[in-house]
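Chemist: Pasting in a structure now, in structure tokens, and then I'll have a few things to ask.
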Amino acid sequence: MRLLDDNITQQVREVFQGLKYPVHILFFGRKHGCEYCEETQQLLEEVVALSDKLSLSIYDLDADADVAAHYQVDKAPGIVIAAREGDQITDLGIRYAGIPAGHEFTSLIQDILIVSGRDSGLSKATREFLQSLDKPVHLQVFVTPTCPYCPRAVVLAHMMAMENPRMVRAEMIEAMEFPELADKYGVSGVPHTTINDGKGTVIGAVPESHLLTEIRAALHR
């Protein structure tokens, strides 16, 4: 049984007409103890089938531990959205932990478009700051599938990672799939962005400049 109905399939196929350069998706599942791994893999397979500019690799978090470690993926289902040039896969720091369902399906499609365009779309000032980083930044954006504002927060964090993936990693985390992590950072509403393991916190879908200010502050704590 397909997850995407004919209407959504057609809409996404039309959107993907605008894809510029190839995008490669890496999926990390787990055979046991992962409620949404099977559905997440199926969702990605259905999405990738809608454009010849998209490709997919499927890994097991345990059996392919070396690959997971290379991409710093430690949760299942886990997703990496990367750029592809021939056989070369370029990690852009874009991560998902949990199924990108509900409103987060929008984030997945937007990320694919942005990565395909090879342009974060961020302001000049933000780009310059991110390029000048000498300390790593880890953004964890907690979401739920029913949150209409969450995709804005997720995509903004992913755009920042894309601008300097060597120093920035941004991860969407589905709060209900990873409740222990949500509890650790005191997530009571979404979107909730945690910066560098709790050094900074942003509640809500905020403008680019606001997130940048909070990242600056977190780096000095």
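Chemist: Name the single residue, out of those in the range 146-162 being buried (at least 24 other Cβ atoms within 10 Å of the Cβ) and either on the phi > 0 side of the Ramachandran plot or of a type outside the set (A, V, I, L, M, F, W, C) (or both), that is farthest from the chain's Cα centre (by Cα).
Modeler: Pro151
Chemist: Among the residues of the range 12-33, what is the count of those that are hydrophobic (A, V, I, L, M, F, W, C) and outside any helix (DSSP H, G or I)? It would help to see each step written out before you state the result.
Modeler: Our first condition is that a residue be hydrophobic (A, V, I, L, M, F, W, C); within the range 12-33, this holds for 12, 15-16, 19, 23, 25-28.
Cutting the leftovers down to outside any helix (DSSP H, G or I) gives us 19, 23, 25-28.
So the count comes out to 6.
Chemist: Moving on to the next point. Would you confirm whether any residue within the range 201-216 is of a type in the set (A, V, I, L, M, F, W, C), assigned to a helix (DSSP H, G or I) and touching a strand residue (DSSP E or B) at 6+ places or on another chain (Cβ under 9 Å)? So that I can check it myself, show each step before the final result.
Modeler: Filtering the range 201-216 for residues of a type in the set (A, V, I, L, M, F, W, C) gives 202-203, 205-206, 211-212, 215.
Next, only the ones that are assigned to a helix (DSSP H, G or I) stay: 211-212, 215.
Still in the list and also touching a strand residue (DSSP E or B) at 6+ places or on another chain (Cβ under 9 Å): 211, 215.
Yes: one or more hits.
Chemist: Scan Asp62, Asp74, Asp66 and give me the residue that is out of contact with any Ser or Thr (no Cβ under 8 Å at 6 or more places or on another chain), free of Cβ contacts under 8 Å to residues at least 60 places away in the same chain and part of a helix (DSSP H, G or I).
Modeler: On the way: Asp62 fails: part of a helix (DSSP H, G or I); Asp74 fails: part of a helix (DSSP H, G or I).
The match here is Asp66.
Chemist: In the range 105-152, which residues are among the acidic types (Asp, Glu) and in contact with a strand residue (DSSP E or B) (Cβ under 6 Å, 6 or more places away or on another chain)?
Modeler: Step one: filter the range 105-152 for residues among the acidic types (Asp, Glu), giving 111, 119, 128, 134.
Once the filter is applied, which keeps residues that are among the acidic types (Asp, Glu) and in contact with a strand residue (DSSP E or B) (Cβ under 6 Å, 6 or more places away or on another chain), the range 105-152 yields only Asp111.
Chemist: Restricted to the range 34-59, and to residues that are free of Cβ contacts under 8 Å to residues at least 12 places away in the same chain and part of a loop (DSSP other than H, G, I, E, B), which residue is surrounded by the most Cβ atoms within 10 Å (Cβ to Cβ)? Even if it seems obvious, please write down each step before you answer.
Modeler: The initial filter retains those residues of the range 34-59 that are free of Cβ contacts under 8 Å to residues at least 12 places away in the same chain, namely 38, 45, 49, 52.
Adding the requirement that they be part of a loop (DSSP other than H, G, I, E, B) leaves 49, 52.
Details: Ala49: 13, Asp52: 10.
It comes out as Ala49.
Chemist: Within the range 78-87, can one find any residue that is surrounded by fewer than 19 Cβ atoms within 10 Å (Cβ to Cβ), closer than 24 Å to Gln140 by Cβ and either of a type in the set (Val, Ile, Thr) or not assigned by TED's automatic domain parsing to the domain that holds Leu139 (or both)? I'd like the intermediate steps shown before the answer.
Modeler: Initial filter on the range 78-87 (surrounded by fewer than 19 Cβ atoms within 10 Å (Cβ to Cβ)): 84-87.
Those left that are additionally closer than 24 Å to Gln140 by Cβ: none.
No: zero hits.
Chemist: Looking at Leu130, Leu113, Leu122, which one is assigned to a helix (DSSP H, G or I) and either without any contact (Cβ under 8 Å) to a residue 24 or more places away in the chain or more than 16 Å from the chain's Cα centre (by Cα) (or both)?
Modeler: On the way: Leu113 fails: either without any contact (Cβ under 8 Å) to a residue 24 or more places away in the chain or more than 16 Å from the chain's Cα centre (by Cα) (or both); Leu122 fails: assigned to a helix (DSSP H, G or I).
Only one candidate qualifies: Leu130.
Chemist: Working carefully through the options Ala101, Ala97, find the one that is within 28 Å of Val187 (Cα to Cα), aliphatic (A, V, I, L, M) and surrounded by 20 or more Cβ atoms within 10 Å (Cβ to Cβ). Let's see the steps before the verdict.
Modeler: On the way: Ala101 fails: surrounded by 20 or more Cβ atoms within 10 Å (Cβ to Cβ).
On inspection, the qualifying residue turns out to be Ala97.
Residue by residue, here is whether (1) out of contact with any helix residue (DSSP H, G or I) (no Cβ under 8 Å at 6 or more places or on another chain); (2) in contact (Cβ under 8 Å) with a residue 40 or more places away in the chain; (3) assigned to a helix (DSSP H, G or I) holds:
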residue	(1), (2), (3)
Arg152	yes, yes, yes
Met162	no, yes, yes
Met172	no, yes, no
Ser188	yes, no, no
Asp197	yes, yes, no
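The values are calculated or read from the model by the stated rules, or taken from the named source; none is laboratory data. Only a predicted model underlies this, so the values are computations on that prediction, with no experimental measurement involved. As a convention, Cβ positions derive from the backbone with ideal geometry for all residues, glycine included, and neighbour counts pool all protein chains shown.
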